[in-house]
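Derivation of every value follows stated rules applied to the coordinates shown; laboratory data play no part. Computed from a predicted structure; not experimentally measured.
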Amino acid sequence: MTEDCNACGRDTPHKVALKLLTESDKPENAKFSREPYRVSTCMNCGHETTLRMNNA
Ligand SMILES: [Zn+2]
């Protein structure tokens with residue numbers, strides 16, 4: 001899929017993946033604070049854009 005890349009400054013092909021990232025720096029809370037993120041990687045320059053999914 002094609003998205004705008006901040007690094008390239010234009011629309012480029014991107015590879016999109018979903019990741020669960022731990023936001024808490026407290027190990028005892030880590031398993032309760034994993035949040036889904038959408039990570040798109042520019043196939044032209046390799047720049048990664050990470051968007052939090054549940055930011056409503
Ligand atoms: Zn790029």
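Tell me, what HN-Hα J-couplings in whole Hz come from the Karplus equation 6.51 cos²θ - 1.76 cosθ + 1.60 at θ = phi - 60° for each residue of the range 33-45, using x for Gly and Pro?
10, 7, 10, x, 10, 9, 10, 10, 10, 5, 7, 8, 10
Would you grab the residues whose amide H sits under 5 Å from the one on Met43? Only those 5+ places off in sequence or on another chain, please, with H modelled 1.01 Å from N.
Excluding prolines and chain starts, which carry no amide H, the hits are His14, Lys15.
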